[in-house]
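In what follows, a structure is listed as structure tokens, so that the remarks can point back to it.
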Amino acid sequence: MTTIALPTYEDAVARFEPVIGLETHVELGTQTKMFCGCRTEFGAEPNTQVCPVCLGLPGALPVANRAGIEATIRIGLSLNCGIATWCRMARKNYFYPDMPKNFQTSQYDEPLCTEGYVDVEVDGKTYRIGIERVHLEEDTGKTLHVGGATGRIHGASESLVDYNRAGIPLVEIVTKPVPGLGALAPEVARAYVTELRDIIRSLGVSDVRMEQGSLRCDVNTSLNKPGAEWGTRTETKNVNSLRSVERAVRSEIIRQAGVLDGGGRIIQETRHFHEDRGDTSPGRSKEEATDYRYFPEPDLVPIAPDPAWVAELKAALPEKPSAKRARLSEEWGISAIDMQSVANAGAVELIEETIAAGASPAGARKWWMGELARRANESGIELSAVGATPAQVAELQKLVDDGKLNDKLARTVLEGVVAGEGDPAAVMSARGLEVVNDEGALTAAVDEAIAANPDIAAKIRDGKVAAAGALVGAVMKTTRGQADAKTVRDLILARLS
Ligand SMILES: [Zn+2]
């Protein structure tokens, strides 16, 4: 294989127009599986939540879980979709070792919800993402490859299968292709998944945790020359974080531009995203729908939701995240654009909870959007996984408000909290970081600074009050930043007046 020189991202989007599309799978948080009564707890001992139905044993008959259907309809309604009055499940036939029935119960040409949209905001501009369909299906089991270096099947000495996840209800949300985004395609893709996650979380039907796989995203990307037909798309799998959604689109735009520049053509295939390297590698060539030999599932009755029930569900939908953001930006006294960056950083709930724990809106926002966002970014993790809880952030801010910590000391305390050393007050005392307000101790330090800097002291005595800054600095240095700067300044001026 010849090595292709890759263009820069800016160069790629200057010459090619990307078209993206997203397929998102959401694992529903129902108590039991979609077609049997097995439990669905995450992290249970392998193969302890299984029965003849979800193991696909001969003669076992499925029965649909009403809660799964209701959750799918609520997701569809909140994405502005129409709800089918009659539809069927379908068998999607293919062999996979972690799918014991050798077919997946899914939906094909009769999805439960169709033709919706989601509005997302990036840089103060609204983009409408069309939703083609929302359908209901079941999850597969999990295969664990052991003995290999990467957890992949290549090089593994054995593979273990856990069927606990097989049959858990899964909702697939498919967007229409989204053209016309230009250089913003990666950001809009991320904003869409963020919005979708927030909408579904607000419904309480899934915990939508990308790192646990209850929200999984495949990203379709193609490139075309301006005015030309859309190009061949690839489907990037294994995109396990919001940040990765953005990176996957970006890296695929660069890669495809490189292939096209070299006179090559894009192959329709799935690709794997590598979190560590930030790029994709080829997977399998993409099947056509006809390969699956879909047919209506004969063991399940059709789904025919009563329109009156659907209307009831619609009327009872919770406040939309976009409406909530508008309300909160007013309550917190911040602009819509600032609110959007809070949302895009995944910080809305964290800040809300920090305020509920007693912090002021400004105090809560300062930590989550400042120091903690910076750390999350640097480590490439979600803000919610950064290692500090809303209660701890509220406690930290209270220590600042009470004058026990200044900003600089608070950042050091936060470092300890994130490192798992305990709650802020505990870290503060363990590391001896409390602001020194004790006048006796401070007066000694002030006298020392005055004695060491007689010329500066003389200037202050002559009325050049601005020179006090140098002495404040000297005191801060001897107290390792633990003095309260205003108290020190007052003491110096009192001493030298
Ligand atoms: Zn079962």
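Summary table
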{"quantity": "Positions within segment 73-97 being surrounded by 17 or more Cβ atoms within 10 Å (Cβ to Cβ) and farther than 25 Å from Ala343 by Cβ, in sequence order", "calculated": "Ile73, Ile83, Ala84, Cys87, Arg88, Met89, Ala90, Arg91, Lys92"}
{"quantity": "Among residues of segment 130-182, those that are part of a loop (DSSP other than H, G, I, E, B) and away from the ligand (no atom under 16 Å from the Cβ), counted", "calculated": "16"}
{"quantity": "Tally of residues being within 31 Å of the chain's Cα centre (by Cα) and outside any loop (DSSP other than H, G, I, E, B) across segment 84-102", "calculated": "1"}
{"quantity": "Complete set of residues in segment 21-38 that are assigned to a strand (DSSP E or B), more than 18 Å from Met210 (Cβ to Cβ) and either more than 16 Å from the ligand (Cβ to nearest atom) or open to solvent by less than 30 Å² (accessible area, probe 1.4 Å) (or both)", "calculated": "Gly21"}
{"quantity": "Selection count where residues are in contact with a Phe, Trp or Tyr (Cβ under 9 Å, 6 or more places away or on another chain) and surrounded by fewer than 17 Cβ atoms within 10 Å (Cβ to Cβ), scope segment 362-378", "calculated": "1"}
{"quantity": "Cβ pairs under 7 Å, 6+ apart, first in segment 314-339 and under 16 Å from Trp368 (Cα atoms), second open to solvent by 50 Å² or more (accessible area, probe 1.4 Å) and in a loop (DSSP other than H, G, I, E, B)", "calculated": "Ser329/Ser335"}
{"quantity": "Any hit, segment 240-259, residues being surrounded by fewer than 13 Cβ atoms within 10 Å (Cβ to Cβ), β-branched (Val, Ile, Thr) and in contact (Cβ under 8 Å) with a residue 24 or more places away in the chain", "calculated": "no"}
{"quantity": "Check on Glu41, away from the ligand (no atom under 14 Å from the Cβ) and of a type outside the set (Lys, Arg)", "calculated": "no"}
{"quantity": "Unique match (being over 23 Å from Gly76 (Cβ atoms) and open to solvent by less than 60 Å² (accessible area, probe 1.4 Å)) among Ser281, Ser322", "calculated": "Ser281"}
{"quantity": "Of residues in segment 44-55 being within 11 Å of the ligand (Cβ to nearest atom) and not polar (S, T, N, Q), the one least open to solvent (accessible area, probe 1.4 Å)", "calculated": "Cys54"}
{"quantity": "Condition met for Asn93 (at positive phi, of a type outside the set (Gly, Ala, Ser) and more than 13 Å from the ligand (Cβ to nearest atom))", "calculated": "no"}
{"quantity": "Scope segment 451-480; condition buried (at least 16 other Cβ atoms within 10 Å of the Cβ) and not in a helix (DSSP H, G or I); matching residues", "calculated": "Asn453, Thr479"}
{"quantity": "Residues located in segment 193-225, provided they are of a type in the set (D, E, K, R), touching a residue at least 40 places away in the same chain (Cβ under 8 Å) and under 17 Å from Ile168 (Cα atoms)", "calculated": "Asp207, Arg216"}
{"quantity": "Single residue of Arg15, Arg66 found to be open to solvent by 30 Å² or more (accessible area, probe 1.4 Å) and either within 26 Å of the chain's Cα centre (by Cα) or more than 20 Å from Ile253 (Cβ to Cβ) (or both)", "calculated": "Arg66"}
{"quantity": "Scan of segment 222-258 for residues that are β-branched (Val, Ile, Thr) and under 12 Å from Phe16 (Cα atoms), ordered by number", "calculated": "Ile253, Ile254"}
{"quantity": "Check on Ala343, modelled with pLDDT under 95 and closer than 23 Å to Ala376 by Cα", "calculated": "yes"}
{"quantity": "Residue under evaluation Leu317, criteria (1) modelled with pLDDT of 95 or more; (2) open to solvent by less than 60 Å² (accessible area, probe 1.4 Å); (3) assigned to a helix (DSSP H, G or I), criterion not met", "calculated": "(3)"}
{"quantity": "In segment 97-119, the residues that are of a type outside the set (S, T, N, Q) and out of contact with any Leu (no Cβ under 9 Å at 6 or more places or on another chain)", "calculated": "Pro97, Asp98, Met99, Phe103, Tyr108, Asp109, Glu110, Glu115, Asp119"}
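The values are calculated or read from the model by the stated rules, or taken from the named source; none is laboratory data. Note that the coordinates shown come from a computational prediction; the quantities given were computed from them, not determined experimentally. Note that we place each Cβ from the backbone using ideal geometry, even for glycine, and neighbour counts take in every protein chain shown. Surface areas here come from the heavy atoms of the whole protein model, side chains and all, with no ligands, DNA or RNA. Shrake-Rupley method; radii C 1.70, N 1.55, O 1.52, S 1.80 Å.
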